[in-house]
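Below is one structure, written out as structure tokens, with a few remarks after it.
The values are calculated or read from the model by the stated rules, or taken from the named source; none is laboratory data. Note that the structure is predicted; figures quoted are calculated from it, not measured. Please note: Cβ atoms are built from the backbone with ideal geometry, for glycine as well, and neighbour counts cover all protein chains shown.
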Amino acid sequence: MVSRLLDAFGKGLGGGYDIGCKFKTTLSRSSLGEPARLLAHTSLVGSFHGHAHGRLCQLDHLATYVEGLGLEDLEGCERAFSKSNALASTVRYSGMFHRRQAIANYFEHNDEYDVYANLCVYTFSLRVVYHMTHLYSHVPP
């Protein structure tokens, strides 16, 4: 997976993982270690899981301290899978086809109605902040 990501995205790629600090060590000792080093690959730890790590690990790997990530906490997959746990009781005794169908329908619905709607709210909020900043930048102190 990392090899394909490095090939596709090239230099400066960062990957978030619950145990990104340990993964960095494993990656550096593998056959991908040299290519990852040359392409400046960074292993990161998501904001939620990072607080269980030591202080030095946090300074090197925690998403909060990485410049350029903005508000990204690297826990998007964690939230999606946690939310999809509600499917477990409905597909528990389903056959493989119906289980996969239910999961596909769930994520399609989630993308269509939840994610898109939240992106619209987020974009609107950013516009409000931008306009407020612009408005107050012209007010004398």
Practice problem: Could you run through segment 84-108 and say how many residues are assigned to a helix (DSSP H, G or I) and either under 16 Å from GLY15 (Cβ atoms) or among the polar types (S, T, N, Q) (or both)? | Solution: 6
Practice problem: Scan segment 87-141 for residues that are more than 24 Å from GLY76 (Cβ to Cβ), among the aromatic types (Phe, Trp, Tyr) and modelled with pLDDT of 70 or more and jot them down. | Solution: TYR93, PHE97
Quiz item: Name the residues in segment 1-51 that are farther than 14 Å from TYR65 by Cα, surrounded by 14 or more Cβ atoms within 10 Å (Cβ to Cβ) and aromatic (Phe, Trp, Tyr), would you?
Solution: TYR17, PHE23
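Condition check ((1) under 25 Å from GLU78 (Cα atoms); (2) over 18 Å from the mean Cα position of the chain (by Cα); (3) at pLDDT 85 or above) across all residues:
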| residue | (1), (2), (3) |
| --- | --- |
| GLY12 | yes, no, yes |
| THR25 | yes, yes, yes |
| ARG29 | no, yes, yes |
| ARG37 | no, yes, yes |
| GLY46 | yes, no, no |
| HIS49 | yes, no, no |
| GLN58 | yes, no, no |
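In this structure, is TYR65 under 13 Å from the mean Cα position of the chain (by Cα) and either crowded, with 16+ Cβ neighbours inside 10 Å or without any contact (Cβ under 8 Å) to a residue 12 or more places away in the chain (or both)? Reasoning before the result, please.
Details: under 13 Å from the mean Cα position of the chain (by Cα): no; either crowded, with 16+ Cβ neighbours inside 10 Å or without any contact (Cβ under 8 Å) to a residue 12 or more places away in the chain (or both): yes.
So TYR65 fails the test.
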Exercise. Starting from segment 1-13, take each residue that is aromatic (Phe, Trp, Tyr) and list its partners that are outside any helix (DSSP H, G or I), counting only C-beta distances under 9 angstrom and pairs at least six apart or across chains.
Key: PHE9/LEU39
